[in-house]
Amino acid sequence: DDFDEENADGDDNNADDNTGTPVSESSASARQAKLLDALSLASTVSTEKQAKKREKFLRHLFKCITQYAIGQAGRELVESRLDSAIIPACTAGLRGGVASPAEQYAACRVLEVTSVILGGDMDEYCESIDEMLRKVIKATGRSPQVR
């Protein structure tokens with residue numbers, strides 16, 4: 001018995017429940033869809049009035065970026081929504097004096113994971129958030145909690 005042979009149906013073991021779509025392709029598209037949903041909602045976070053809801057959304061965005069932004073397609077999706085969704089959502093979460101320390105921390109985590117996903121060749125991204133982060137740290141008396 002050779003374990004490298006195809007299964008009894010003659011199909012390889014990549015097939016997804018009789019749809020003919022390989023499991024890796026369907027899971028990749030599901031990850032892309034979940035990431036796209038989270039990034040689409042990111043543009044609404046700056047209009048939310050309640051800090052708890054903004055914090056909850058930022059935590060959800062962090063989770064989606066870390067779990068679903070996989071490979072080149074995930075990187076490109078995050079990069080395409082950087083200026084329109086991610087940075088504005090994080091800016092709303094970092095407003096000194098208005099945002100809670102937990103919300104500021106959640107926003108910093110999103111910015112951090114975004115920089116990891118984008119990689120080391122994104123100087124424009126670093127420059128775009130540097131001044132904002134410095135202002136937040138200087139403007140708030142809770143800076144040790146934010147750092």
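The values are calculated or read from the model by the stated rules, or taken from the named source; none is laboratory data. Quick caveat: nothing in here was measured; it's all calculated off a predicted structure. Using ideal geometry, Cβ is built from the backbone for each residue, glycine included, and neighbour counts are taken over all protein chains shown. Surface accessibility is based on the protein's heavy atoms, side chains included, excluding ligands, DNA and RNA. Shrake-Rupley method; radii C 1.70, N 1.55, O 1.52, S 1.80 Å.
Classify the range 25-141: rounded, prolate or oblate, from the alpha-carbon gyration tensor (a ≥ b ≥ c, eigenvalue square roots; a/c under 1.5 rounded; otherwise prolate if a/b is larger than b/c)?
oblate
Rounded to the nearest whole Å², what accessible area per residue is found for the range 25-141 with the 1.4 Å probe? Before the final figure, lay out the partial values.
On the way: 6310 Å² over 117 residues.
About 54 Å² of surface per residue is accessible.
Please give, to one decimal in nm, the separation of the simple spin-label points placed at Val98 and Lys138, each 7 Å out from Cα toward the Cβ.
Result for the modelled spin labels: 2.0 nm.
Work out how much length Asp83 to Ser40 would gain on full extension: take 0.36 nm times their residue separation and subtract the Cα-Cα distance, in nm to one decimal.
On the way: separation 43, 0.36 × 43 = 15.48 nm, distance 1.24 nm.
So the extension gain works out to 14.2 nm.
Over all directions, the average projected area of the alpha-carbon convex hull for the range 26-87 comes to how many nm²?
Spelled out: convex hull of the Cα atoms, projected over all directions, averaged, 3.8 nm².
Ranked by accessible surface with a 1.4 Å probe, highest first, in what order do Ile117, Ile129, Ile70 come?
From most exposed to least exposed: Ile70, Ile117, Ile129.
Through the Karplus equation 6.51 cos²θ - 1.76 cosθ + 1.60, θ set to phi - 60°, convert the phi angles of the range 33-42 into ³J(HN,Hα) values in whole Hz; use x for Gly and Pro.
5, 5, 5, 4, 4, 5, 5, 5, 6, 4
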